[in-house]
Structure formats: structure tokens, C-alpha cells
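Notes follow the structure.
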Amino acid sequence: MSRKSKLIRKVVVLDKKFSNALVHRTINKIMFNGKKTVAERIVYGAIELASKKLNKDPLDVFQTAIKNVSPAIQLKGRRMGGSNFQIPTEVSDDRKIILALQWIISSARRRKGMPMNEKLATELMDAYNNTGGAIKKKEETHRMAEANRAFAHFARF
């Protein structure tokens, strides 16, 4: 018997404008202090701005950016015999989306000198074109996993 209980999935909620669950999750990640309308304005404005600049479909730009940033492997710390090992493990589909959203939003928040919707739009365009802070974070994670590949056999325990 496993120590971890099975996670009960919540009902998937779709956003108002695009009827997309991924956009709704992004709005919830952006939201501060329960101000959902502000977060909606930021996310919708960013998606529209990015699609206008790239002359592509808004949902296509958003989903491609998320797909480009999604990592294939992640590192998990494991303590064995008094030392900590960074063990590379495969990432589940849900976790890929969670990490991609976190990295895109944190990279956008780190940018300076413009409103949040413009920062997010720039980060989405960079992710769509495989450049920018979120893609750099993904590549760094993959490099670290490659460097620690020798410890991959510990993942089976």
C-alpha cells in the first residue's frame, strides 16, 4: 500500500473568452488577492497582443508557447546515506503544464518597465519562438538532468 493517497481531480473550468481550461489556469496563476477580473484583463490582453504581433491565432500562440516551455524531465532531490542526490525523473503531463505556466509567469514578472500584460505578451512571443527566460529555465533544467543522469538508477527505489 502506498503512503500517498490518490489525488481527486477537480472539475475542469473553462475561461469566458476562449473556453479553454489552460487559459483559466493561467488566469488563476496570475491572480493576486482574489482580483480575478484584473488577472483576466492581463491574460486576455497579453494573448491578444502576442497574436497581433505574430499574426497568428490567439489560442494557437498560447498553446504553442506552453508546449515549447514544457519540460520532459525534472530533478527530484533524494537523501541517501547522508548525501542529497538530484535524481532526474520524467514529468507527468499535468506537471509539465504547471511548470511551464510557473516559468512563463515568473519570467514575465521579472521583466521591468512595462505593464504586466505587455510583459506576459512578450514572454509568450519569446516562448512561441523558443527564446526568452522560460525557455532558458527549461534548457537549464534539462542540462542539470543530463549532468545528473548517473543517479537515474536511484529513481527506481
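The values are calculated or read from the model by the stated rules, or taken from the named source; none is laboratory data. In this text, all values refer to a predicted model and were calculated from it rather than measured experimentally. Cβ coordinates were reconstructed from backbone atoms using ideal geometry, including for glycine residues, and neighbour counts include every protein chain displayed.
Determine if the range 44-52 includes at least one residue that is of a type in the set (Lys, Arg), in a helix (DSSP H, G or I), at pLDDT 95 or above and more than 18 Å from Trp103 (Cα to Cα).
Yes - at least one qualifying residue is present in the range 44-52.
Filter the range 19-38 for residues that are under 21 Å from Val69 (Cα atoms) and either aromatic (Phe, Trp, Tyr) or not in a loop (DSSP other than H, G, I, E, B) (or both) and give the result.
Ala21, Leu22, Val23, His24, Arg25, Thr26, Ile27, Asn28, Lys29, Ile30
Within the range 12-21, is there a residue that is exposed (fewer than 10 other Cβ atoms within 10 Å of the Cβ) and hydroxyl-bearing (Ser, Thr, Tyr)?
no
Of all the residues that make up the range 52-90, how many are within 13 Å of the chain's Cα centre (by Cα), surrounded by fewer than 18 Cβ atoms within 10 Å (Cβ to Cβ) and either over 17 Å from Ala147 (Cβ atoms) or of a type in the set (Asp, Glu) (or both)?
Adding up the residues that qualify gives 2.
Only residues that are among the hydrophobic types (A, V, I, L, M, F, W, C), surrounded by fewer than 19 Cβ atoms within 10 Å (Cβ to Cβ) and without any contact (Cβ under 8 Å) to a residue 60 or more places away in the chain: list them for the range 102-156, please.
The answer is Met114, Ala147, Ala150.
Which count do you get for residues in the range 1-43 that are in contact (Cβ under 8 Å) with a residue 60 or more places away in the chain and within 14 Å of Met116 (Cβ to Cβ)?
Result for the range 1-43: 6.
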